[in-house]
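K.L.:
Pasting a structure below so you can have a look.
What follows is calculated from the coordinates using simple rules that are stated; it is not laboratory data. None of these values were measured; they are calculated from a predicted model. Cβ atoms come from the backbone with ideal geometry, glycine included; neighbour counts cover every protein chain shown.
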Amino acid sequence: MVWSFILYLLYGLAFFTLGVAILSRDLRSSELGIARILWLLAVFGIIHGFHEWLELLRQFNPEIQSSGFFLFRLLVISSSFLFLLYFGLFLNIITLYGDQGLKTTPRIVKALIGVSALSLILVAAYLDLGSGKDINTRLLVAFPGGLLSGIGLVAYSRIVRTFSRNAALNFILAGSFMICYSLLTGVIPSDVIVPFVDVRVILFRGLSAFLIMFFTIRAFSVFNLEQRELINERLLRFSQSEKLTSMGILAAGIAHEINNPLTNVSLNVEMLRDLIGNDERMNRKLEAIERNVDRASRITKELLHFSRDEEIPLKPTDINHIIASTKNLLKNQKLSSIIQLKLQNVPEIMGISWKLEEVFINLLMNSIDACNEEDSIEIETFFDKDRVMVVITDTGHGILEDGISKVFDPFFTTKEIGKGTGLGLSVSYNIIKQHRGEISLVSSEHGGTIVTVSFPVIRDDN
């Protein structure tokens, strides 16, 4: 009797602790998709822990064995397994379609999942009311819910492996014991005696519950690692921003100093052209001088643009309109036909239209330069966490690993000499920062580049 009391007490405590551990963590800043649905697992843990304590009360107080108490217990266990089923369903969507899978899933699909799961639990509860036992609820809801959750946790370990192999292992173990728990709870009745060890199956349920709690809480280390990476990334961006500011001041001084002699050279070239007349050989030499002067002049203009920090008021701007306009501006460019737009309805942002156009012209021109006729460029917009996201994906030749960290540095370019100044992305970086935006780039030397730009949506304080 004492052993049974301790078992049910710890059994319920394990799930209750799991729920409290999840709810006590601040996951609002996490970019991991599972962070958005962990509350479902937390609610399951708290309600299910409470149910096991109700079972403890029933075991030690037979006088409360009434139809009303059974109905209450059935309501508690049904609601707990309903949350577990929702968690398992949505976790598998995230695992199959990535961390943005849940965001991009149509609302009608989410609604159908919700209604289907609720209908299943109601059918199971109706059947159990007639039998006076919760067998159908366990078989029709607990078993698939635990099974889906376990499979989802094991599969999600592939996503968190980039942060930590140890965290991924904890996800695998937590998922494995969740699958065991689904079998012990959903398929095997509570009064079954396990052969060879001669103990009730409830002992193994309690052990599985403890191991689920233990390994799930250990798996939460992935959120700490994620936050550490985010902090390091922000520090790196801050350092880069400071460096670009210093470079901007230097660039402005250099540009002004170079502009004066360039103007003088241009004037003298015009005077020489008048003096030489129709001498074809000398005119070719002068044309070569003019081409180089024009190139130097173009570089100084970009230097001035790079260093400029104009206080131009921001206005409500439709980013989809900017992107469509940019594509139209590039329609005469070679390979512009490979650009495909996938624009979703997104809120307006505060911006400067012509500056944002320059950003997307720079980004798209870089993609075009990296592609050939067999490649593709895709621009996608969507709304995520109060930010408007723009993702530009190309299948071009990509960037070498040692060059990815330098792409936003002034004068860094992967293009051939004479084909790029290396200022386009630096200028774009400054413009995006002026709009309180963020830009990141992922590429591979084996091919393909993904540029992600995000902007805050309009708020009342803008």
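K.L.:
Which order do peptides 191-198, 281-288 fall in by mean Cβ count within 10 Å, highest first?
P.N.:
Numbers: 191-198: 8.9, 281-288: 11.9.
Order by mean packing, descending: 281-288, 191-198.
K.L.:
In bins 5 Å wide, starting from 0, what share of all Cα pairs of segment 2-219 does each bin hold, as a percent?
P.N.:
The percentages, shortest bin first, are 1, 7, 14, 20, 20, 16, 11, 6, 3, 1, 0.
K.L.:
Which entries in the list LYS331/LYS355; LYS342/LYS433; LYS327/LYS385; LYS315/LYS433 go over 22 Å, if you measure between the two C-alpha atoms of each?
P.N.:
Numbers: LYS331/LYS355 19 Å; LYS342/LYS433 24 Å; LYS327/LYS385 27 Å; LYS315/LYS433 16 Å.
Cα-Cα > 22 Å for LYS342/LYS433; LYS327/LYS385; rest within.
K.L.:
Would you mind ranking SER80, SER190 so that the residue whose beta carbon has the fewest other beta carbons within 10 Å leads the list?
P.N.:
Values: SER80 26, SER190 15.
With the sparsest Cβ surroundings first, the list reads SER190, SER80.
K.L.:
Could you tell me what percent of the DSSP beta bridges with both partners in segment 334-393 are antiparallel, to the nearest 5? Don't skip to the answer; put the middle values down first.
P.N.:
On the way: 7 of 12 bridges.
Approximately 60 percent, going by the DSSP bridge assignments.
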